[in-house]
Amino acid sequence: MSLKNEILEQPQAIARLLELQADEVVKVADRIRNFNADFVFIAARGTSDNAGLYAKYLWGAFNRLPMALAAPSLFSVYQTPPDIADALVIGISQSGQSPDIVSVMTEGRRQGALTLAITNDPSSPLAAESELVIDLMAGPELSVAATKTYTAQLVAVAMLSAALAEDDDRWDWLRRLPALGSELLTLDETVERAAERYRFMEQCVVLGRGFNYATAFEWAIKLKELAYVFADPYSPADFQHGPVALAHQGFPVLAVVPRGKVSDNLMQLLNHLVDELKVELLAVSNEPAALGLSDTPIPLPEHIPEWLSPIPAIISAQLFCYHLTRAKGYDTEQPRGLTKVTLTDLITKVLL
């Protein structure tokens with residue numbers, strides 16, 4: 001199966017996850033409530049780390065959970081793990097194979113923490129070391145660049161948030177995702193034409209804030225691993241603390257601008273970048289002002305809530321990266337120097 005096919009398969013993968021794992025997610029939420037953890041401790045690498053970043057914002061905002069992202073080397077290399085006995089320890093991994101992520105789960109269980117694996121392989125070492133497992137149900141993902149497993153991770157994170165809050169309205173929005181994903185994929189030719197404009201791009205910044213801070217990081221990873229673009233992700237706040245000096249006439253700025261609490265802040269910065277510094281702006285947005293300001297506008301679904309927007313936003317970004325890679329004449333199936341599974345432990349590396 002090609003990368004393009006796996007991108008196009010995402011609405012079906014999301015629908016399968018919602019249909020087959022909703023009851024299990026509710027059971028997991030019940031166990032988490034009964035455990036009453038003091039905080040959530042997430043271990044992940046690469047793309048999966050960006051899903052953890054989404055969880056940091058979503059579970060913090062809607063479930064009021066204190067969140068921490070693990071430093072796995074403290075467990076695998078330095079062997080000086082912190083005290084996580086009262087934590088909900090979560091490992092997020094497409095493959096479930098990375099030894100240093102597994103080592104976090106092993107130590108969590110040893111200390112008496114509640115452990116949960118979110119993985120596409122329920123028979124993996126990560127799942128075996130976890131008391132609870134959410135199976136992503138994405139099916140085999142053969143392309144090196146993770147697409148459907150990443151969106152499945154985001155959906156699983158959102159499902160667990162809705163289940164913990166017992167929020168029927170957010171469950172209803174989640175059930176609309178397959179249709180919204182299919183709607184987005186109709187923009188394939190539009191995104192292909194947009195990508196052609198950027199075929200000579202060698203560097204850029206990617207901006208996203210709040211729930212879409214994770215989207216900025218994931219979009220940047222895809223630009224690096226597929227199109228070999230040096231893409232640096234920032235929140236608008238961090239970008240203004242020094243890196244804005246990079247901006248000049250024609251400099252590419254890619255931004256995710258969903259309608260919501262972060263849009264006014266993002267628009268202030270984007271207006272400055274376009275009007276005064278004359279950057280080249282590509283915006284993925286459902287804000288008319290952002291789309292109108294953009295040299296290359298890519299629309300998001302009109303009424304999608306901000307908390308759910310990272311899922312359609314990253315599908316648009318994946319399409320852009322796929323078409324940009326082809327426009328540059330590179331191989332979308334065999335990015336140089338990468339394999340599907342990269343094992344991160346001591347000096348060995350694994351792509352998650």
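The values are calculated or read from the model by the stated rules, or taken from the named source; none is laboratory data. Since the model is a prediction, treat every value here as computed from it, not as a measurement. Every residue, glycine among them, receives a Cβ derived from its backbone with ideal geometry; neighbour counts consider all protein chains shown. Quick note on the areas: whole protein, heavy atoms, side chains included, nothing else; ligands and nucleic acids left out. Shrake-Rupley method; radii C 1.70, N 1.55, O 1.52, S 1.80 Å.
Consider the range 211-233. How many of its residues are closer than 20 Å to LEU58 by Cβ and open to solvent by 10 Å² or more (accessible area, probe 1.4 Å)?
Qualifying residue count for the region: 5.
Please give the number of the condition ALA37 fails out of (1) in a helix (DSSP H, G or I); (2) in contact (Cβ under 8 Å) with a residue 12 or more places away in the chain; (3) over 17 Å from ALA152 (Cα atoms).
Unmet condition: (1).
Can you tell me how many residues in the range 220-247 are outside any helix (DSSP H, G or I), modelled with pLDDT under 95 and of a type in the set (A, V, I, L, M, F, W, C)?
1
With a cut-off of at least 3 residues that are under 23 Å from ASN36 (Cα atoms), open to solvent by less than 10 Å² (accessible area, probe 1.4 Å) and touching a residue at least 40 places away in the same chain (Cβ under 8 Å), name the helices (runs of 4 or more DSSP H) lying wholly within the range 77-180.
99-111, 148-165
Of everything in the range 248-286 that's outside any helix (DSSP H, G or I) and among the polar types (S, T, N, Q), which residue is farthest from GLY210 (Cα to Cα)?
Per the criteria, the residue is GLN249.
Go over the candidates LEU65, LEU58, LEU17 one by one and state the one that is modelled with pLDDT of 95 or more and in a loop (DSSP other than H, G, I, E, B).
After ruling out the rest, the residue left standing is LEU65.
Do you know which residues across the range 305-329 are open to solvent by less than 10 Å² (accessible area, probe 1.4 Å) and among the aliphatic types (A, V, I, L, M)?
Residues satisfying the conditions are LEU308, ILE311, ALA313, ILE314, ILE315, ALA317, LEU319, LEU324.
So, in the range 287-296, of the ones that are surrounded by fewer than 19 Cβ atoms within 10 Å (Cβ to Cβ) and touching a strand residue (DSSP E or B) at 6+ places or on another chain (Cβ under 7 Å), which residue ends up nearest to PHE211 (Cα to Cα)?
LEU291
Looking only at the range 189-198, how many residues end up being exposed (fewer than 15 other Cβ atoms within 10 Å of the Cβ) and under 22 Å from the mean Cα position of the chain (by Cα)?
Of the residues in that region, 0 qualify.
With the requirement that a residue be of a type in the set (Lys, Arg) and not in a helix (DSSP H, G or I), what does the range 181-198 give you?
Scanning the range 181-198 gives a single hit, ARG197.
In this structure, does PRO236 turn out to be loosely packed, with under 15 Cβ neighbours inside 10 Å and not aromatic (Phe, Trp, Tyr)?
no
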